[in-house]
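The values are calculated or read from the model by the stated rules, or taken from the named source; none is laboratory data. In this text, all values refer to a predicted model and were calculated from it rather than measured experimentally. FYI the Cβ positions are ideal-geometry reconstructions off the backbone, even for glycines, and counts take in every protein chain you see.
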């Protein structure tokens, strides 16, 4: 384990810079307000939340059965399913797949699990170039920082920060702070990698047991490009993400509304098997989850759907910045 | 009705007039108030810091002092919350069970037990920014929570204060966001705590209140500290003072 994190001291540093603190506080409170507005539109909102919690209680109570069912169905669909006990096993599986594929480039969309496993440095040490293709995650990669928020990795940065960073890394105009321009710079620089790469990676928001499917909810669409362009799709997912088919609608209704106040994400893609001529691998990762499941007072945290509503509403998080916690799942994630 | 008055340690030390206002108010309402002089503290500061073992003697003392009363009233949501919901350091005893069952925050006692809605002796012709503490909202269900968007909106402190003639309430942003005090949090996370306090004050001040009122003096202590450092001259009152007829 790493040394203890002095969150209070880190927060003090973050607060010393009022521009960033005020911006983060406003942005995240704005998301909280959007979440409230979205929830107001759904009369059965609290029942939905309770239902989702009960479904998770059920799937977590029968976790092994559902995982085995998923493995059987996914395998029948032509997916190759791997089991990783911990981060190292996960990273090794990914590396072996890339080596087998004979590629040293991996395009990927955002995944907190690969952050948790510290996969990028593992692969980079072995000569693999990893390209994060989601804007926020790419910004953080270029800046050599972990994500500061689980759904908005670079939300603590201003447009100016990004303009300066891109000018250093991509040679773009440091004075051009327009969001569309910056997104364009990023796209021009990452899109070619989609075409070059022989392997793409995604995380997953849900693993659906009966059809043996994974579901990925995104707004930028890079997960779909990562999954559908290269001839190999690797999906890494934590074992707690398993749900049943009938409950998918419950979670889809909750996820984007809780996260950003949108009714649904721009893309909600279900992957059930490999494309013609391509391969699909799913890595089911434990990395401490089954131990957590056995903890009487903490197993509830595995119900978390990673919407980040807890971070957006938390007055301490909003004033501290996500990086102050020195943890992949920062702040209050999964604490309630 | 016999009532034992528990005056939180920080009120005893820093704001004795709030303890006195609480006593006078309860007596005005016909209560037979007893003030056990050997009382000290409910143990909350230690327990909140994770020092359960260090909280034990204090909690047990509190249970001994107050455990024989049918009704214990304290002008503090956080002390009530601690005793009712987190009083786990003290060994179990009939006194402890009695105390846990019979302790009320002043607002609850007036609103739910005595069901008082009129305070005819009090006039307060001022615009009030009303702050309700996290302990009171989240721990004691004293007011609705803003994120529970389909729940009915209510506030027991506001319902009581509305019984004071002339009072007006200003509306401000992020009404139920924490003031940043959080007990020992203000010490362990000084920078974040202070920033939250400054922000809270700023949201209130934008609505141009004449004063800031709360049923938790500890929140007000924090906000007052923030206001002083910013050289803001705004008065702070505990709800008991306003209900007892204080003038600005």
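Could you say whether any residue in the range A:304-313 is under 15 Å from residue A:60 (Cα atoms), surrounded by fewer than 24 Cβ atoms within 10 Å (Cβ to Cβ) and more than 14 Å from chain B (Cβ to nearest Cβ)? Break it down stepwise before answering.
First, the residues of the range A:304-313 that are under 15 Å from residue A:60 (Cα atoms): A:304-305.
Then keep just the ones that are surrounded by fewer than 24 Cβ atoms within 10 Å (Cβ to Cβ); that gives A:304-305.
With the extra rule that they be more than 14 Å from chain B (Cβ to nearest Cβ), the set shrinks to A:304-305.
Checked against the condition, which is being under 15 Å from residue A:60 (Cα atoms), surrounded by fewer than 24 Cβ atoms within 10 Å (Cβ to Cβ) and more than 14 Å from chain B (Cβ to nearest Cβ), the range A:304-313 yields at least one hit.
Test of understanding: among A:257, A:253, which residue is buried (at least 24 other Cβ atoms within 10 Å of the Cβ) and out of contact with any strand residue (DSSP E or B) (no Cβ under 8 Å at 6 or more places or on another chain)? Steps first, please.
Details: A:253 fails: buried (at least 24 other Cβ atoms within 10 Å of the Cβ).
Just a single option satisfies the conditions, and that option is A:257.
Looking at the range A:115-127, can you tell me whether even one residue there is buried (at least 23 other Cβ atoms within 10 Å of the Cβ), part of a strand (DSSP E or B), modelled with pLDDT of 95 or more and touching a helix residue (DSSP H, G or I) at 6+ places or on another chain (Cβ under 8 Å)?
As a first pass, look at the range A:115-127 and keep what is buried (at least 23 other Cβ atoms within 10 Å of the Cβ): A:117, A:119.
Now drop any that are not part of a strand (DSSP E or B), which leaves none.
No, there is no match, as no residue in the range A:115-127 is buried (at least 23 other Cβ atoms within 10 Å of the Cβ), part of a strand (DSSP E or B), modelled with pLDDT of 95 or more and touching a helix residue (DSSP H, G or I) at 6+ places or on another chain (Cβ under 8 Å).
Can you run down the residue pairs with Cβ atoms below 7 Å, 6 or more apart or on separate chains, where the first is in the range A:90-102 and within 15 Å of residue A:235 (Cβ to Cβ) and the partner is surrounded by fewer than 13 Cβ atoms within 10 Å (Cβ to Cβ) and at pLDDT 95 or above?
Listed pairs, sorted by first residue: none to list.
Quick one: in the range B:12-41, of everything that is in contact with a strand residue (DSSP E or B) (Cβ under 8 Å, 6 or more places away or on another chain) and closer than 17 Å to residue B:217 by Cα, which residue is surrounded by the most Cβ atoms within 10 Å (Cβ to Cβ)? So that I can check it myself, show each step before the final result.
Initially, the range B:12-41 is screened for residues in contact with a strand residue (DSSP E or B) (Cβ under 8 Å, 6 or more places away or on another chain), giving B:15, B:18-19, B:21-23, B:26-27, B:31-36.
Imposing the further condition that a residue be closer than 17 Å to residue B:217 by Cα reduces the set to B:15, B:18-19, B:21-23.
Details: B:15: 22, B:18: 25, B:19: 21, B:21: 23, B:22: 27, B:23: 20.
Per the stated criteria, the residue is B:22.
Among the residues that make up the range A:281-294, is at least one of them part of a helix (DSSP H, G or I) and in contact with a strand residue (DSSP E or B) (Cβ under 9 Å, 6 or more places away or on another chain)? Lay out the reasoning, then the answer.
Kept after step one, since they are part of a helix (DSSP H, G or I), are these residues of the range A:281-294: A:289-293.
Narrowing the set further to residues that are in contact with a strand residue (DSSP E or B) (Cβ under 9 Å, 6 or more places away or on another chain) leaves A:289.
Yes: one or more hits.
Restricting the search to the range A:68-93, which residues are touching a helix residue (DSSP H, G or I) at 6+ places or on another chain (Cβ under 6 Å) and in a helix (DSSP H, G or I)?
First pass over the range A:68-93, keeping only residues touching a helix residue (DSSP H, G or I) at 6+ places or on another chain (Cβ under 6 Å): A:81-82, A:84, A:91.
Within the range A:68-93, just A:91 meets the criteria.
In contact with a helix residue (DSSP H, G or I) (Cβ under 9 Å, 6 or more places away or on another chain), under 30 Å from residue B:51 (Cβ atoms), part of a loop (DSSP other than H, G, I, E, B) and assigned by TED's automatic domain parsing to the domain that holds residue B:40: does that describe residue B:88? Let's see the steps before the verdict.
Working: in contact with a helix residue (DSSP H, G or I) (Cβ under 9 Å, 6 or more places away or on another chain): yes; under 30 Å from residue B:51 (Cβ atoms): yes; part of a loop (DSSP other than H, G, I, E, B): yes; assigned by TED's automatic domain parsing to the domain that holds residue B:40: yes.
Taking the combined requirement at face value, the residue satisfies it.
Among the residues of the range A:4-24, is there at least one that is under 23 Å from the mean Cα position of the chain (by Cα), more than 9 Å from chain B (Cβ to nearest Cβ) and closer than 30 Å to residue B:151 by Cβ?
Yes - at least one qualifying residue is present in the range A:4-24.
Go through the residues of the range A:38-52 one by one and say whether even a single one is more than 18 Å from residue A:310 (Cβ to Cβ), in contact with a strand residue (DSSP E or B) (Cβ under 7 Å, 6 or more places away or on another chain), assigned to a helix (DSSP H, G or I) and away from every other protein chain (no Cβ under 14 Å).
Within the range A:38-52 (the criterion being more than 18 Å from residue A:310 (Cβ to Cβ), in contact with a strand residue (DSSP E or B) (Cβ under 7 Å, 6 or more places away or on another chain), assigned to a helix (DSSP H, G or I) and away from every other protein chain (no Cβ under 14 Å)), the answer is no, since none of the residues qualifies.
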